[in-house]
Amino acid sequence: MIRERALKAVLVIAGLLFVALLYPGVMFFKREPGVAMIMSLYVTLGIFLLLAVGNPAAHRSLITYAGWANVVHASVMAVQLFTHVIDSTELIGVVGFGIIGIALIALAPGRMAPV
């Protein structure tokens, strides 16, 4: 019960954060098309995470995908940060995506028993 509540809270927080990327995505559309492109994917993911709040067990694969996608994104950003490809101010993104990813993986519902 506590685990499901925690998962729902993480889904809502991550979903709202990702949907909030819509505005910066529009602002970066002409200046940084690559950033706008990745933000559009995260906005879409945010909408589906919010939809998953109602029945997380039915959306296990989405939650697992979102978790691993965030861990991989954080890992790529960490390597870019370490090799000075991106600015050190991006550390907040590395930490944020990493925390969201790990939380989603740790709290993802278990496999449902066959019917």
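All of the numbers you see were taken from the coordinates with simple rules; none came from a lab. Given the structure is predicted, the values throughout are model-derived calculations rather than measurements. Here the Cβ is made from the backbone with ideal geometry for all residues, glycine too, and neighbour counts use every protein chain on show.
Report which label in [x] 50, 28, 23; [y] 36, 31, 25; [z] 36, 34, 23 holds the value of Cα extents along the principal axes in Å derived from the coordinates of this structure.
Structure-derived value, by its label: [x].
Suppose every Lys and Arg Cβ carries +1 and every Asp and Glu Cβ carries -1, with no other charges. What dipole size does segment 1-68 come out with about its Cα centre, to the nearest 20 debye?
80
Give the relative contact order (percent, whole number) for the chain; include only Cα pairs under 8 Å separated by 6+ residues. Each step should come with its number before you reach the end.
Working: 132 pairs, mean separation 34.3, N = 115.
About 30 percent, as a whole number.
What number, rounded to the nearest 500 deg cm²/dmol, is the helix-based mean residue ellipticity at 222 nm of the chain, given -39500 (n - 2.57) per DSSP H run of at least four residues and division by all its residues?
Calculated mean residue ellipticity at 222 nm is -24500 deg cm²/dmol.
Testing the spin-label approximation: label points 7 Å from Cα along Cα→Cβ at Thr83 and Arg111. State their distance in nm.
Roughly 3.6 nm, to one decimal.
Viscosity 1.306 mPa s, temperature 10 °C: give me the Stokes-Einstein translational D for segment 26-68 in µm²/s, with Rh taken as the Kirkwood radius over C-alpha pairs.
Estimated via Stokes-Einstein, D reaches 139 µm²/s.
Within segment 9-48, list the residues whose amide N lies under 16 Å from a label point set 7 Å along Cα→Cβ of Ala58.
Of the residues in segment 9-48, 48 have backbone N under 16 Å from the label point off Ala58.
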